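Take a look at the structure set out below.
The values are calculated or read from the model by the stated rules, or taken from the named source; none is laboratory data. Note that this is a predicted model, so its numbers are computed, not measured. Don't worry about glycine lacking a Cβ; one is built from the backbone with ideal geometry, like all the others, and counts go over all protein chains shown. We work out accessible area using only protein heavy atoms, side chains counted, and drop any ligands, DNA or RNA first. Shrake-Rupley method; radii C 1.70, N 1.55, O 1.52, S 1.80 Å.
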Amino acid sequence: MSEHVIYANEARVSEQRYAGFWMRLWAFLIDLIVISSLNGILLSPFKFVNEGIAISVGIWTVPGIVSAIVFYAYFVLMTKFFGQTVGKMILGIKVVRENEEPLRWSDVLFRELVGRFIYRAFWFLMVLYIIVGFMDEKQGLHDMIADTRVIYDR
């Protein structure tokens, strides 16, 4: 009986329409606008501290650290609690697990934190986003790591 349930879940996933490269790129660009707006609000008080000169913590600056926290927290929290970011909501797409169960913290952390960190730390890997356009299930490297898919929300 459990094999039948697994088969039924696999059949449901295969009926989904996967969001391709361009749709996901537009969603990401919308998300960057949202994140930039959040950072603008959160970082504006730093203009009045230390005569507007960024406060350094080792090789990083406080505004840089805050910006990175906002960037990663936005993607992690929005994906975990809503299955989609604002950009994905606007374009009608969402992140799902392969078996359509609710996203777990481990899925979201691997997809959003580890996946995005790999792309940002090794900037030359950004070209790997293009594989989304060529994969049957439109998965990026970060989707493969977390076993997730991006589908059109019905």
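Of the residues that make up region 95-103, is at least one open to solvent by less than 40 Å² (accessible area, probe 1.4 Å), within 20 Å of N39 (Cα to Cα) and in contact with a strand residue (DSSP E or B) (Cβ under 9 Å, 6 or more places away or on another chain)?
If we filter region 95-103 for residues that are open to solvent by less than 40 Å² (accessible area, probe 1.4 Å), which is where we start, we get 95-97, 103.
This time we only want the ones that are within 20 Å of N39 (Cα to Cα), so: none.
Scanning region 95-103, I find no residue that is open to solvent by less than 40 Å² (accessible area, probe 1.4 Å), within 20 Å of N39 (Cα to Cα) and in contact with a strand residue (DSSP E or B) (Cβ under 9 Å, 6 or more places away or on another chain), so the answer is no.
In this structure, is G87 open to solvent by less than 50 Å² (accessible area, probe 1.4 Å), closer than 15 Å to R24 by Cβ and assigned to a helix (DSSP H, G or I)?
Details: open to solvent by less than 50 Å² (accessible area, probe 1.4 Å): yes; closer than 15 Å to R24 by Cβ: yes; assigned to a helix (DSSP H, G or I): yes.
So G87 passes the test.
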* Odd one out for I90 among (1) modelled with pLDDT of 95 or more; (2) under 18 Å from T148 (Cα atoms); (3) over 11 Å from the mean Cα position of the chain (by Cα) -> (2)
* Among the residues of region 116-134, count how many are surrounded by 15 or more Cβ atoms within 10 Å (Cβ to Cβ), more than 11 Å from F21 (Cβ to Cβ) and without any contact (Cβ under 8 Å) to a residue 24 or more places away in the chain. => 1
* **Options E112, E137; residue that is surrounded by 13 or more Cβ atoms within 10 Å (Cβ to Cβ) and over 13 Å from the mean Cα position of the chain (by Cα)** => E137
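For region 61-78, which residues satisfy the criterion of being hydroxyl-bearing (S, T, Y) and either under 14 Å from P45 (Cα atoms) or part of a helix (DSSP H, G or I) (or both)?
We begin by selecting, within region 61-78, every residue hydroxyl-bearing (S, T, Y); these are 61, 67, 72, 74.
Across region 61-78, the qualifying residues are S67, Y72, Y74.
Each row is one residue, and each column tells you yes or no for (1) within 26 Å of the chain's Cα centre (by Cα); (2) at pLDDT below 90; (3) on the phi > 0 side of the Ramachandran plot; (4) not in a helix (DSSP H, G or I).
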{"site": "L25", "(1), (2), (3), (4)": "yes, no, no, no"}
{"site": "S37", "(1), (2), (3), (4)": "yes, no, no, no"}
{"site": "I41", "(1), (2), (3), (4)": "yes, no, no, no"}
{"site": "S44", "(1), (2), (3), (4)": "yes, yes, no, no"}
{"site": "A54", "(1), (2), (3), (4)": "no, yes, no, yes"}
* Asked: Does M135 fit the bill of being modelled with pLDDT under 90, part of a loop (DSSP other than H, G, I, E, B) and aliphatic (A, V, I, L, M)?
  -> yes
